[in-house]
1. So how do Trp312, Trp338, Trp329, Trp440 rank on accessible area, 1.4 Å probe, biggest first, that is with the largest at the start?
2. Please work out the ratio of the alpha-carbon Rg of the chain to 2.2 N^0.38 Å and round it to two decimals.
3. With no solvent and one point per C-alpha, what does the Debye sum give as log10 I(q)/I(0) for segment 316-423 at q = 0.13, 0.15, 0.18, 0.23 Å⁻¹?
4. Around Ser103, which amide H atoms from residues at least 5 apart in sequence, or from another chain, sit under 5 Å from its own amide H, with H modelled in the peptide plane?
5. In nm², what is the average projected area of the convex hull enclosing the Cα atoms of segment 244-359?
6. Take Ile243, Ile33, Ile124, Ile321 and sort them by solvent-accessible surface of the protein heavy atoms, 1.4 Å probe, largest at the top.
7. Taking a cut-off of 16 Å between Cα atoms, list the lysines near Lys221, but don't count ones fewer than 8 places away on the same chain.
8. Which whole-number percentage describes the relative contact order of the chain, with Cα contacts under 8 Å and a sequence gap of 6 or more?
Amino acid sequence: MDLVLDILSSYVVPTISILFISYMSISIVIYIIVFMVSAKDLRKSYLLDEQQPYQDYLTSIDTKPLSVIVPAYNEELGIIGSVRSLLSMNYPEYEVIIVNDGSKDNTLDVVIDKFDMKPIAYPIRKRIETENVKQVYQSTMNPNVYLVDKANGGKADALNAGINLSHFPFFCSIDGDSVLDRNAFLKVMKPIIESNEEVIATGGSIRIANGCTIKRGEIMKIALPASPLVVMQVIEYLRAFLIGRNGLSRFNLLLIISGAFGVFNKEWVIKAGGYRKKTVGEDMELVVRLHRIIKENKSKKRIIYIPDPVCWTEAPDTTAILRRQRNRWQRGLFESLWNHKDMIMNPKYGLVGMGSMPFYLIFELFGVVIETLGYLIIPFGILFSFINISTAILMLTLSIILGSFLSMAAVLLEEWSVNRYPSAKHLVILFCYAISESFWYRPLTVYWRLEGIVQALRKNSSWGDMKRKGISQ
């Protein structure tokens, strides 16, 4: 026993402490740099948007028509509000394709009833293989609204079915429970139009709709949810999108476009083989694959993030559902990096292979292992005198800086740039919750993400039950 304690105190604990301190220090430096880049870029974008209104694209001949694909599995509570939101969009030409992916609830019947859908004989060109399509419907109320009823094959398969049916050169993927700002399509298509289609994919910001007032698919009032768990997700999304994705996008290093809201060039997606079905992270996997073929074709195409187009979605309000979601996200990250492991540190793939993929591998995937060990070492190290107080304080301070302070910075950045929460009360609440993150919320999510790695190693590919309460009225 004494030998074990001696090994722990002399070798194991000091090594873990050094790893934890090094990891946290490097993470903080990287995120501060990314924050500075994001802050400058966000302010510049905001000023340009004020000077160059998006409405000019409503009448421009250069504005590309858009196919909006809504995969729906058991979405009867939110699907109607989402489609109504889409039908109220400010955009000159688009179609809405709802794909019922073998729902077990009343999603199919609700859509047929609310939009007066009628069966049509529609020949589908299967450019991407999918599960069997049972029937295609078209709305008599809104002829640009289609409904595809198909056998269950998962979200990726539903998106591929929508791509096969789509008429237009660009498609937008959006979750069945999401609500968009009315100018979102104009804003997310702007860089595609202005770049003469050099930009082949764009993603917008995702915000939490819990607590907001929504009428007929439109956000009437922005407010914060009552649940502390959901408020922390609001802050987490601000940090992930305004700092993380915006900073990486600046250098064409973006590896994730959220499945809740993204626009893609259809031909490039088909060239990439469509969405991959046997993965739980189909959104990230597709983006990484697009980066792969861009580099392999020596193309100048770009994939970018646009901070202002906002998609509002329902966030989990229980620890059980949030745990399943974060677990699944981590498994998706693991699978995407594993499937494309030959790109990591490969100069053939430029900064994506040499920069963003190693970053996601070290700081997003395996970083949770180091953080977990650090959280265990701090209390036990002090209790059993394995580490001294000064080292413990340093480790705790770095944890707080990486978690709470960066979240506080994200809240300030939101106020300084997009300003979606104009109420001073909301900002004070967000700021106070951000301070508390390192003491309860971050350790929880780190543990759940660690579970995700373990399950990925066990090749668990289940999606998990994500019950919706419905955000639209």
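The values are calculated or read from the model by the stated rules, or taken from the named source; none is laboratory data. The structure displayed is predicted, hence computed values, not measured ones. Because the Cβ atoms are built from the backbone with ideal geometry, glycine has one as well, and the counts that use them run over all protein chains shown. What goes into the accessible areas is simple: the full protein's heavy atoms, side chains included, and nothing from ligands, DNA or RNA. Shrake-Rupley method; radii C 1.70, N 1.55, O 1.52, S 1.80 Å.
1. Order by accessible area, largest first: Trp338, Trp329, Trp440, Trp312.
2. Compared with the compact-globule rule of thumb, the chain sits at 1.00.
3. Once normalised to I(0) and log-transformed, intensities are -0.81, -0.99, -1.11, -1.12.
4. Residues meeting the criterion, in which the H sits 1.01 Å from N, are Asn74.
5. On the way: hull surface 31.0 nm².
Computed as one quarter of the Cα hull surface, the answer is 7.7 nm².
6. Ile33, Ile124, Ile321, Ile243
7. Lys425
8. Once normalised by length, the contact order is 20 percent.
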